[in-house]
1. Leaving out ligands, DNA and RNA, and with a 1.4 Å probe, what % of the accessible surface on the stretch 243-361 is carbon or sulfur?
2. Looking at the square roots a ≥ b ≥ c of the eigenvalues of the Cα gyration tensor of the stretch 228-358, which shape do they give, rounded for a/c under 1.5, prolate if a/b is larger than b/c, or oblate?
3. Select from VAL260, CYS315, TRP354 the residue farthest towards the positive end of the dipole of the stretch 246-365; place +1 on Cβ of Lys and Arg, -1 on Cβ of Asp and Glu, and compute about the Cα centre.
4. Can you list which of the chymotrypsin sites (Phe, Trp or Tyr not before Pro) found in the stretch 41-113 are DSSP loop residues with at most 12 other C-beta atoms within 10 Å?
5. In whole Å, what is the distance between the alpha-carbon centres of the stretch 318-375 and the stretch 204-226?
6. What are the ³J(HN,Hα) values, in whole Hz, obtained from phi via the Karplus relation 6.51 cos²θ - 1.76 cosθ + 1.60 with θ = phi - 60°, for each residue of the stretch 118-127 in sequence order, with x given for Gly and Pro?
7. Could you list the square roots of 5 times each eigenvalue of the Cα gyration tensor of the stretch 41-166, that is, the equivalent ellipsoid semi-axes, sorted largest first and rounded to whole Å?
8. Compute the helix-to-body angle for 334-351: its Cα long axis versus the longest principal axis of the chain, expressed 0 to 90° and rounded to tens.
Amino acid sequence: MSVLIQLGSCGASWPENTTPIQRLKAISPNFDRVILVDTGPEPSPHLHCDAYVKAAKFSLVAVHRILRQQNNEEIVVWIGPSPRLSMIVLILRMFIRFTFVVDLYDHERLSSGIARARGSHLKALKYRIFEYFTSLAARRADLLVSAISEDRYASQSNRVKAVNGVAIDLLSKIEIAMRADTAKRGEKISICYVGLIDYERASVLANLAAASFDYQVELLLIGDNDPKFLDLLRQCAESHGTVNIVAPGFLPWVEAMRLVARSDLCLYVFPTRPELDCVYPIKMGEYMEFGKPVIATDSTAIREVFSDCQGVIRCDPNQPQEWVLAIKSLSSDVGKLRAHGAANQAFARDKLDWGKTQAELLSRLQALLVTSSQSRMI
């Protein structure tokens, strides 16, 4: 019997559109038994599982006990880019026979990079030391799933690329208000940004808020925000009076998607530090599925995935005026706005549906399970 043991990234707090949940929905049917393990009180309601183990914390003893209970089965342990879990799995692999997969849906140096950017150098050093284990696990895993734009492991035979997809079937079921005609010159235009709203992640927004337009602009900001930065944006907007800041904060995914669907164009603003430059967010594809033109940070990941899509305009995050000019160019031409949106929607449906982006992964997983089964029989 093949048993999938997912360690982490499967609790009830994970939204349905996220990579770990969509990944589990895709791979679970390949196993006879699915065991989810997390620290939350309940598993994600979007997943099927035969058992859920609530762990007080992820420890060597706790994971060892779970694996021992399935010791006579063909075990596949699946983990995300977690230093703690990587350490535990690497140690247990020396004593227990099992197959393990590292799902690299975030850069392994994300925590240390964020700490360093915030000036916490000692914390960054501590994180970096532990992140070594994630990198080691990625190299020793039976299968490494690379969900981001990276070339650090490109030469490894265990690596398979599975770009983050879009839950198109879920988006199609969301009840949304009928989209109004695209704004024309002299009318209000709605610009949507989904993400963390602070100085580091969205400094471009301050320049946009202070820009002067020939029409009213609604700047819709969805996500957790730094109150001080939000106050700065409002002050910038008051300088010209053409930009209205609307910041509902963090919203449930379905509610956020309804607001995205009502907007005219969308922004993807992100830093380009090494550990962030390779990130391709799911929200990019969600913008596109709703037929929205997108103005995005010109990063490695965005170039890799969207370089041949005319509906995505890439701008330098260090040149905020580029963003304003791109917005003015799009919003002044209704035909261009609609053409860019249509191109993006076609691109998302052709290349970004989860069922398509994970096809190679599922094929490699099947081969891995066959090899694992044959190995146990020897």
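The values are calculated or read from the model by the stated rules, or taken from the named source; none is laboratory data. Because the structure is predicted, anything quoted here is derived from the model rather than measured. Note that we place each Cβ from the backbone using ideal geometry, even for glycine, and neighbour counts take in every protein chain shown. For the accessible areas, the whole protein counts, side chains as well, though only heavy atoms, and no ligand, DNA or RNA atoms are used. Shrake-Rupley method; radii C 1.70, N 1.55, O 1.52, S 1.80 Å.
1. Values: 2250 of 4430 Å².
Using a 1.4 Å probe with all protein chains present, the stretch 243-361 comes out at 51 percent carbon and sulfur.
2. Values: a/c = 1.43, a/b = 1.37, b/c = 1.04.
In terms of gyration-tensor shape, rounded.
3. Of the listed residues, the answer is VAL260.
4. Values: sites: TYR52, PHE58, TRP78, PHE95, PHE98, PHE100, TYR105; in loops: PHE58, PHE95, PHE98, TYR105.
Those that pass, being in a loop and sparsely packed, are PHE95.
5. Rounded to whole Å, the Cα centres lie 25 Å apart.
6. So the Karplus estimates, Gly and Pro as x, are 8, x, 8, 6, 5, 5, 4, 5, 4, 4 Hz.
7. Working: eigenvalues 127, 68, 53 Å².
Equivalent ellipsoid of the stretch 41-166: 25, 18, 16 Å, largest first.
8. For 334-351 against the chain, the angle is about 10 degrees.
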